[in-house]
1. State which residue pairs qualify: first residue open to solvent by 70 Å² or more (accessible area, probe 1.4 Å) and inside region 8-27, second residue part of a loop (DSSP other than H, G, I, E, B) in any location, beta carbons under 8 Å apart, and separation of 6 or more residues or different chains.
2. Mind listing whichever residues of region 424-436 are over 13 Å from R513 (Cα atoms) and among the hydrophobic types (A, V, I, L, M, F, W, C)?
3. Looking at region 530-576, which of its residues are at pLDDT below 95, of a type in the set (D, E, K, R) and more than 27 Å from the chain's Cα centre (by Cα)?
4. Going by the structure shown, is S26 of a type in the set (G, A, S), modelled with pLDDT of 95 or more and under 29 Å from Y116 (Cα atoms)?
5. Would you mind telling me which numbered condition in (1) surrounded by fewer than 15 Cβ atoms within 10 Å (Cβ to Cβ); (2) closer than 30 Å to K72 by Cα S193 fails?
6. Could you run through region 70-90 and say how many residues are among the small types (G, A, S) and open to solvent by 10 Å² or more (accessible area, probe 1.4 Å)?
7. What are the residues in region 506-529 that are open to solvent by less than 60 Å² (accessible area, probe 1.4 Å) and under 22 Å from R439 (Cα atoms), if any?
8. Would you mind finding the one in A419, A402 that is of a type in the set (G, A, S) and over 27 Å from G335 (Cβ atoms)?
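The values are calculated or read from the model by the stated rules, or taken from the named source; none is laboratory data. Predicted, not measured: the structure shown is a model, and the values here were computed from it. Note that we place each Cβ from the backbone using ideal geometry, even for glycine, and neighbour counts take in every protein chain shown. For accessibility, only protein heavy atoms count, side chains too; no ligands or nucleic acids. Shrake-Rupley method; radii C 1.70, N 1.55, O 1.52, S 1.80 Å.
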Amino acid sequence: MGASLDEQVLRDLATTADRTPRFTLSQKERTVDVPDHPDPISPDPEHFKLARRDLAMEFRAEGIAPGRYELKQAKAVIDKIRDRYRAIVHEHIRKFDQQALIRLAVEQFDHLVADYDRETMRLQMSRSHEVDFDRTEQLAKAHEEFIRATRNVRYLLEFGYSRGVSGGRGPLVEDWQGMLAQVDWLLVLYGASDTLHNELEVGGVDVDSDFIPEVFYEGDDDQSYQQEAANELLERSDTEDRVTAMDDAESQRLSAAFLNSVGFSLSTLLPVLTVLGRWVSAHQGAFPLAWYYKAPKADVLAVLVAHLPQVPPAEVEAAVDFLTLDANRVCVLAGRDREEGDVPVWEHRKRVHRYAIRPLLRVGQDKLVWGAAAAHRAFGIWNGTFSDGYPPADFGYPEIEAVAASIKKRIEDDLELRAVEVFGRHFTYFGHGIDFARRFPQEDFDDVGDFDVLAYRPESNQWFMVECKYNKPPFCIKDTRRLREEVFGRTPESGQLAKIARRHAFLDKHGPRILELLNWPAAAPVECRIEDLYVCPRIYPFMRRPPRPVPTQFVRLGKLDSLLRSRLGDGADPSE
């Protein structure tokens, strides 16, 4: 325009060059064939009020007096009302045509997954520019709502698919919102009953004068843990310490075990799910992106075989059959022949037929329906769980389980090695896998097991003793209780922490002699400090809210380096 700027203005502008930008432009390649704008249907507050009103009527009908009910008394009340309310929910679902309900459920599940994936990607991309909101808080809230919403939709889908009836009308938006609100309350009752039964929390139910129930738990909620988990997802970087992923040799052994056990390899199962998740792309964009795909099984097989020319057609068909949810097995747990009274939401690993891992549904005359986002998510589950050393359910295939167990064992060993590497950056004196009773039998030490990592800093008379554990993640309340008892024990004298306490006492008693045996220098004349660290790839809520006070600190492997720097005065205290 020919205008000149004042030199001071130019200098002021130059000083802003290193600031974080207010916005950035970028693009991402499509990975799932769903429409661009998800818009899941959610219940309004009035739907939850109506659902709770129906619940209150059951409290009144059962003759339960207003008041507070806790522990065993609360569980008896909750179980009784849960069974009555469950019958109402089931009757409501059966009013609608089965295929129409299934279609809506498949569509809504994909809406929820796509919406959450979009939000997660948006928050991760926002780290490259300045924002005026709390990313961690938003992601924690989005994740909590996603888990709750998809749980409710899966229940409706699985119940409708396994026990729905043909006929009737298709559900309208208002009907769907009402069912979601009812299912939400039903699953709250299931969760409260399981929590009280497994003694994970002290809680119960308050019934007011209008018979309106309110489930409560004493103690802090998990909000801080949820924000920590969200922060981990947002800030995880490629340079963070972590155990190594499944390698090619392990993948090949796993594929061979699959082929011997179920007639197809894992390297066939995953590409099948990929094609199902990119269904429009597989047809070169011949039809629009959709939230729901439907095709005859023969057509599905033809497309898959065309895109997987190196795989025998029989193997492709075996994989498709395996990924098809069996309506007659949805409510049957592994190792049992009888159906449960409801979709067994209280179980996880014994649910070998669940939508999350078998996203194909058979409807009508041998037609298959599915959602692309559900297929993509199933891909992540099948690939991720085996990479972590366990199958996604108890399928009962010994050869597959043996390979998964070997992967888990390798991860456990690798976890210790990664922890040793981290301590090697900060300590001159450290050891790995030291068993003092076996290494120095002449000392007649008590057998307290081996120290996964033992580190020492003489100038501050400071010890770090480290227990490295790779625990199978819990996905239901019963699993959470099992894992909590493995870690903390049923009593202070049992469990992993009891062994850590014995090693702590051993170190406290024999510290000076241990220095002599290991040829480490004598400590400075200051008070001895021993820090117990429990290092694991993942942190779980009960580690942040332990059932009793413990001196052991739980730390994720990826945060171990920053924790040591803070303890040794080399950095700020991290959020583990």
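1. That search, which allows pairs on different chains as well, returns R19/E130; T20/H129; T20/E130; R22/H129; R22/E130; F23/H129.
2. Those that are over 13 Å from R513 (Cα atoms) and among the hydrophobic types (A, V, I, L, M, F, W, C): F427, F430, I434.
3. Matches in region 530-576: R565, R567, D570.
4. Here the answer is no, as S26 does not meet what is asked.
5. The single condition S193 does not satisfy is (1).
6. Going through region 70-90 one residue at a time, the tally reaches 2.
7. Selection gives F506, L507, H510, G511, I514, L515, L517, L518, W520, P521.
8. One residue alone meets the criteria, A419.
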